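Visitor: For reference, the structure I am asking about is given below.
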Amino acid sequence: MRVDKTAIKRAFAAANSGYDQAASLQRTVGLSLLNKLDLQQLNGTVLDLGCGTGFLTAALLQHSTPATMLALDIALPMLLTTKAKLATQQPLAYLCADAEHLPLATQSIDSVVSNLALQWCPQLPTVFADLKRILKTNGLLAFSTFGPQTLNELKTAWASVDNYHHVNDFYSPEQLQAFLHATGYRQIDITRQVIVTPYATVLDLMHELKQLGAHHVISQRKPHLTTKSALHAMTAAYPKTANGQVLATFEIIYGVARG
């Protein structure tokens, strides 16, 4: 998987203003992730890795008792939105940084929680190793990310048009389990969930991805811009339901482990 981090940062910065209106999937997955945790055990310093506009940060502050909550995001406008929303919340600190280059001290974090952010990190073994570095002994890592079935309908529709790789690939549950094990995590628990979301049209789906800053899930490997005729052919090939809607599959993988 190739990811242009500069483009990702720009996309999420641009998506900031409309993100909350389109982020129902992120909220649903975030709540499911929190339901897998004993939130009363989240204390000390807790890192929300890829906080976006602060939904999970707020939920963690509401349902747990951290000594310090650290909200981190690669896009400064997202971080500023979180800061504005949670201006009265304490204890809360903010950090604009890339999850693949964490400027945090070794063994400085008690728990890391990350909701639908790690899919933007192509070198996940390196990320897991660095997260283990910053976690204190027996520290908690809990995350959600996309699995390989995500946007399978969109992949199939594009495959009927040309041979370019239009949608990024994502790591499988087995790969994530292996990465965590090889990095030295313990008590690893990997689960998956498939969410199928209806849209009125394919263009509505693609517009929502853009609103979320997630249109860079569409691979940048194609050497030229998509033509209108190719886009029309893809939308025509996309499978429709009996009432004319289209469905989009999102495979969600949840991981909980101890450092």
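Each reported figure results from applying straightforward, stated rules to the coordinates on display, with no laboratory input. Predicted model only: the values in this text are computed from it and were never measured. Ideal geometry is used to build each Cβ from the backbone, glycine not excepted, and the neighbour counts take in all protein chains shown.
Visitor: Going highest first, how would you order 108-118, 243-253 by mean Cβ packing within 10 Å? Walk me through the numbers before you get to the answer.
Guide: Details: 108-118: 23.8, 243-253: 16.8.
Averaged packing, sorted descending, gives the order 108-118, 243-253.
Visitor: How large is the dipole of the range 67-210 about the Cα centre if only Lys and Arg carry +1 and Asp and Glu carry -1, each at its Cβ, rounded to the nearest 20 debye? Don't jump to the answer; show the numbers that get you there.
Guide: Values: 9 positive and 12 negative charges, 94 e Å.
The calculated dipole for the range 67-210 is roughly 460 debye.
Visitor: Near the amide H of Leu70, under 5 Å away, which other amide H atoms are found, from residues 5 or more places off or on another chain, if H is placed in the peptide plane?
Guide: Val46, Leu47, Asp48, Ala93
Visitor: Something else: Could you give the length gained by full extension between Gln175 and Arg27, i.e. 0.36 nm per residue of separation minus their alpha carbon distance, to one decimal place?
Guide: Working: separation 148, 0.36 × 148 = 53.28 nm, distance 2.51 nm.
Working it through step by step, the gained length comes to 50.8 nm.
Visitor: Mind ordering 44-56, 90-102 by average Cβ neighbours within 10 Å, highest first? Walk me through the numbers before you get to the answer.
Guide: Details: 44-56: 25.1, 90-102: 15.7.
Taking the mean over residues of other Cβ atoms within 10 Å, the ranking is 44-56, 90-102.
Visitor: Using +1 at the C-beta of Lys and Arg and -1 at the C-beta of Asp and Glu, which of Tyr164, Val202, Gln187 has the Cα lying farthest in the positive direction of the dipole of the range 150-207?
Guide: Result: Gln187.
Visitor: Want the number for Thr137 to Thr106: 0.36 nm per residue separation, take away the alpha-carbon distance, what's left?
Guide: Values: separation 31, 0.36 × 31 = 11.16 nm, distance 1.05 nm.
Extra length from Thr137 to Thr106 when fully extended: 10.1 nm.
Visitor: Across the Cα atoms of the range 117-187, what radius of gyration and what greatest pairwise Cα-Cα distance (Dmax) are found, in Å?
Guide: 15.3, 51
Visitor: Is there a pair in Lys36/Lys240; Lys36/Lys155; Lys155/Lys240 whose C-alpha atoms are over 23 Å apart, and which pairs would that be? Can you show the working numbers first?
Guide: On the way: Lys36/Lys240 34 Å; Lys36/Lys155 31 Å; Lys155/Lys240 15 Å.
Going by Cα-Cα distance, Lys36/Lys240; Lys36/Lys155 fall outside the 23 Å limit.
Visitor: Next up: Arrange the peptides 71-79, 58-66, 125-133 so that the one whose residues have, on average, the most other Cβ atoms within 10 Å appears first. Walk me through the intermediate numbers first.
Guide: Working: 71-79: 22.9, 58-66: 17.4, 125-133: 19.2.
So the order, starting with the most tightly packed, is 71-79, 125-133, 58-66.
Visitor: Add +1 for every Lys or Arg and -1 for every Asp or Glu among the other residues with Cβ under 14 Å from the Cβ of Met69, and state the total.
Guide: On the way: positive: Lys83, Lys85; negative: Asp48, Asp73, Asp110.
Every neighbour counted, the sum reads -1.
Visitor: Which one of Phe146, Thr65, Cys96 is farthest out on the positive end of the charge dipole of the range 39-155, using unit charges on Cβ (Lys, Arg +1; Asp, Glu -1) and the Cα centre as origin?
Guide: The residue sitting farthest along the positive end of the dipole is Thr65.
Visitor: Give, as a single signed number, the net charge of other residues whose beta carbon lies under 11 Å from the beta carbon of Ala257, with Lys and Arg counted +1 and Asp and Glu -1. Write out the running numbers ahead of the final one.
Guide: Details: positive: Lys132, Arg186, Arg258; negative: Asp189.
Result for the local shell: +2.
Visitor: Then there's this: Give me the extension gain from Ala87 to Gln187: residue separation times 0.36 nm, minus the current Cα-Cα distance, reported in nm with one decimal. Please report the intermediate quantities before stating the final value.
Guide: Details: separation 100, 0.36 × 100 = 36.00 nm, distance 3.58 nm.
Difference between extended and current length: 32.4 nm.
Visitor: Add +1 for every Lys or Arg and -1 for every Asp or Glu among the other residues with Cβ under 10 Å from the Cβ of Thr45, and state the total. If you can, show how the numbers build up before the last one.
Guide: Details: positive: Lys136; negative: Asp110.
Net charge in that neighbourhood comes out at 0.
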